[in-house]
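These notes are about the structure you will find just below.
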Amino acid sequence: MSAIRKGLLLGALQLALVLSLGGKLLYDRMTRPRGWALAEVYDPELPIRGRYLSQRLRLPAEGFTYKEGNQQGLSDWFLNREWAYLEVRNGQLIAKLEGSGSGGWFHLHKNRDGTIVAISEEPVLVFIPEHAETPSLKPGQEMWVEVTVPAKGPPRPTRIAIKKDGVLSPLKLN
């Protein structure tokens, strides 16, 4: 087999691999549940280049018990690390103690009003096209991300939105 034939065969195999992955992601987006989750944006210090937002998901938590720390002033972050299963209910992503399917590690946080929320340990990355304006929050606004919940693995972000006065407005990034 000549070098040109080997090169063409390798190129065809690579193209088939990329197309099969793209097809699987599109299929999951059409058939798997999708839901919105409140996002906490932070600077991740990743070595990759490009424009992206790294966001931790902040979800309502069901079935969990928050453990208070023994020492005053110390973080309860690792004390309240729990595995949670993901469920979409009424268009919103929820972390549950019991379930099946997709899940991940979350840190429980107790709000001032006593409610418990689950904050994802593994962030989701939302890549932004180079010509799009980078979204920024103004006072009273929240950033939300819509995710597809695969059968296994972490949620996959599909789009972002800004919520103000209870109204969710998806952003056009293309």
What are the residues in the range 106-137 that are in contact (Cβ under 8 Å) with a residue 12 or more places away in the chain and either of a type in the set (D, E, K, R) or in contact with a Lys or Arg (Cβ under 6 Å, 6 or more places away or on another chain) (or both), if any? His107, Lys110, Ile116, Val117, Ile119, Ser120, Glu121, Glu122, Pro123, Ile128, Glu130
Give the range 1-40 a look and list any residue that's in a helix (DSSP H, G or I) and either polar (S, T, N, Q) or in contact with an Asp or Glu (Cβ under 8 Å, 6 or more places away or on another chain) (or both), or say none. Gln14, Ser20, Thr31
Just wondering, is there one or more residues in the range 105-112 that are assigned to a loop (DSSP other than H, G, I, E, B), modelled with pLDDT of 90 or more and out of contact with any His (no Cβ under 9 Å at 6 or more places or on another chain)? no
Identity of the residue in the range 151-174, assigned to a loop (DSSP other than H, G, I, E, B) and touching a residue at least 60 places away in the same chain (Cβ under 8 Å), that ends up least open to solvent (accessible area, probe 1.4 Å): Pro155
Just for the range 76-96: of the residues that are polar (S, T, N, Q) and surrounded by 14 or more Cβ atoms within 10 Å (Cβ to Cβ), which one is farthest from the chain's Cα centre (by Cα)? Asn80
Looking at Lys67 and the list (1) open to solvent by 50 Å² or more (accessible area, probe 1.4 Å); (2) assigned to a strand (DSSP E or B); (3) in contact with a Leu (Cβ under 8 Å, 6 or more places away or on another chain), which single condition is not satisfied? (2)
Ala132: passes all of (1) assigned to a loop (DSSP other than H, G, I, E, B); (2) open to solvent by 20 Å² or more (accessible area, probe 1.4 Å) but (2)
When both residues are 6+ apart or on different chains and their Cβ atoms are under 6 Å apart, which pairs have a first residue that lies in the range 20-40 and is under 17 Å from Glu87 (Cα atoms) and modelled with pLDDT under 90, and a second that is open to solvent by 70 Å² or more (accessible area, probe 1.4 Å) and among the aliphatic types (A, V, I, L, M)? none
Within the range 127-165, count every residue that is of a type in the set (Val, Ile, Thr) and at pLDDT below 85. 2
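Can you name the residue in the range 138-150 that is without any contact (Cβ under 8 Å) to a residue 60 or more places away in the chain and either of a type in the set (Val, Ile, Thr) or assigned to a loop (DSSP other than H, G, I, E, B) (or both) and, of all such residues, is surrounded by the fewest Cβ atoms within 10 Å (Cβ to Cβ)?
By that ranking, first place goes to Pro139.
The values are calculated or read from the model by the stated rules, or taken from the named source; none is laboratory data. Quantities reported herein were computed from a predicted structural model and do not represent experimental measurements. Cβ: placed from backbone, ideal geometry, glycine included. Neighbour counts: every protein chain shown. Accessible surface areas use protein heavy atoms only, side chains included; no ligands, DNA or RNA. Shrake-Rupley method; radii C 1.70, N 1.55, O 1.52, S 1.80 Å.
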